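Novice: Here it is: the structure, laid out below.
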Amino acid sequence: DEDLRADRQPEFTQADIEMSFCHENDVIDMVERVMIHTMQALEKDVELFRGKHIPKIKTPFPRLSWKDAMRQYGSDKPDTRFGLELQELTELVKDVEFKVFKDTAKQGGIIKAINIKGGATFSRADMDKLEDQAKKLGAKGLAWIAITESGLKSPIVKFFKPEQVNAIVDQLKGEKGDTLIFVADKPKVVNQVLGQLRLELGEKLGLIDKNRFDFVWVTDFPLLEYSDADKRWFSHHHPFTAPHGDWADFEERFLREPDKIKAQAYDFVLNGT
């Protein structure tokens with residue numbers, strides 16, 4: 001059983017698997033087989049699942065690299081039960097006249113967006129609340145474009161040429177009735193803000209199937225992460241992960257491009273946890 005630390009709960013049981021002379025795929029295969037057995041056993045627990053049938057879970061479970069998880073979901077523990085995926089537009093909007101986008105791209109930041117299907121029905125008050133939430137999460141603001149029957153509604157569309165707006169709408173697969181939301185900032189901020197807004201919108205719009213179990217592996221985490229506050233590199237995952245690649249040239253790689261070194265680290269995610 002878990003001990004009583006601040007981030008633990010006594011009703012949880014932790015199973016440790018000890019293996020020797022194994023590789024990443026051996027561990028992943030073992031965990032998948034254990035989870036299949038566990039889910040089959042849990043299906044019999046009427047109190048937990050209220051008699052609902054658990055859909056047959058197929059292996060192997062999908063795998064996402066850490067880079068792709070952050071790119072698509074803004075999170076290293078993505079909830080893959082619904083869409084609303086993030087899309088990067090930095091290259092597309094770096095030369096527009098909208099100062100926020102232009103300056104962010106020039107300073108090495110990124111611009112990402114989410115297409116909220118059916119979001120054009122949101123009122124201005126709804127959009128203001130969404131922007132307030134984005135600011136609480138760390139954004140400087142939230143830009144948006146609503147695609148209505150009468151055309152585009154947005155406080156920023158006046159800064160774009162028609163062909164630029166069309167390119168944005170096309171890339172985001174925007175249709176009448178949709179609202180596109182944008183955040184521009186450092187990559188960490190953009191992913192954090194849009195990743196959390198995505199989850200909140202998924203709940204608000206009823207897009208999350210509560211009876212679904214989506215397992216996914218997140219692999220290839222960065223070995224190191226730079227702290228602007230401490231001005232040094234830290235272990236991204238934890239200090240006990242080995243780097244991918246040959247140890248023989250590790251020192252050279254660390255000195256040359258520490259941010260490019262990937263770890264032999266992988267997380268098992270279920271429905272965003």
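The values are calculated or read from the model by the stated rules, or taken from the named source; none is laboratory data. Values in this document were obtained by computation on a predicted structure and should not be read as measured data. Here the Cβ is made from the backbone with ideal geometry for all residues, glycine too, and neighbour counts use every protein chain on show.
Novice: Determine whether residue 109 is touching a Lys or Arg at 6+ places or on another chain (Cβ under 8 Å) and not hydroxyl-bearing (Ser, Thr, Tyr). Talk me through it step by step, then tell me what you get.
Specialist: Numbers: touching a Lys or Arg at 6+ places or on another chain (Cβ under 8 Å): yes; not hydroxyl-bearing (Ser, Thr, Tyr): yes.
When the stated conditions are applied, residue 109 passes them.
Novice: Consider segment 158-213. How many of its residues are within 21 Å of residue 140 (Cβ to Cβ), surrounded by fewer than 20 Cβ atoms within 10 Å (Cβ to Cβ) and of a type in the set (S, T, N, Q)?
Specialist: Of the residues in segment 158-213, 2 are within 21 Å of residue 140 (Cβ to Cβ), surrounded by fewer than 20 Cβ atoms within 10 Å (Cβ to Cβ) and of a type in the set (S, T, N, Q).
Novice: Which of the residues belonging to segment 66-102 are farther than 28 Å from residue 204 by Cα and outside any helix (DSSP H, G or I)?
Specialist: Result: 94, 95, 96, 97, 98.
Novice: Same structure, new question: Restricting to segment 239-273, count the residues that are exposed (fewer than 10 other Cβ atoms within 10 Å of the Cβ) and either among the aromatic types (Phe, Trp, Tyr) or closer than 26 Å to residue 199 by Cβ (or both).
Specialist: Going through segment 239-273, the residues exposed (fewer than 10 other Cβ atoms within 10 Å of the Cβ) turn out to be 239-240, 246-248, 251-252, 255, 257, 273.
Still in the running and either among the aromatic types (Phe, Trp, Tyr) or closer than 26 Å to residue 199 by Cβ (or both): 240, 247, 273.
Residues that pass the stated criteria total 3.
Novice: Could we say that residue 174 is more than 18 Å from residue 74 (Cβ to Cβ), in contact with a strand residue (DSSP E or B) (Cβ under 6 Å, 6 or more places away or on another chain) and in a loop (DSSP other than H, G, I, E, B) here? Step through it out loud before you land on a result.
Specialist: Numbers: more than 18 Å from residue 74 (Cβ to Cβ): yes; in contact with a strand residue (DSSP E or B) (Cβ under 6 Å, 6 or more places away or on another chain): yes; in a loop (DSSP other than H, G, I, E, B): yes.
Against the criterion (more than 18 Å from residue 74 (Cβ to Cβ), in contact with a strand residue (DSSP E or B) (Cβ under 6 Å, 6 or more places away or on another chain) and in a loop (DSSP other than H, G, I, E, B)), residue 174 qualifies.
Novice: Does segment 220-236 contain any residue that is crowded, with 20+ Cβ neighbours inside 10 Å and among the hydroxyl-bearing types (Ser, Thr, Tyr)?
Specialist: Checked segment 220-236: no residue is crowded, with 20+ Cβ neighbours inside 10 Å and among the hydroxyl-bearing types (Ser, Thr, Tyr).
Each row is one residue, and each column tells you yes or no for (1) in a strand (DSSP E or B); (2) under 14 Å from residue 79 (Cα atoms); (3) modelled with pLDDT under 90.
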{"site": "194", "(1), (2), (3)": "no, yes, no"}
{"site": "198", "(1), (2), (3)": "no, yes, no"}
{"site": "201", "(1), (2), (3)": "no, yes, no"}
{"site": "212", "(1), (2), (3)": "no, yes, yes"}
{"site": "216", "(1), (2), (3)": "yes, yes, no"}
{"site": "233", "(1), (2), (3)": "yes, no, no"}
{"site": "255", "(1), (2), (3)": "no, no, yes"}
{"site": "267", "(1), (2), (3)": "yes, yes, no"}
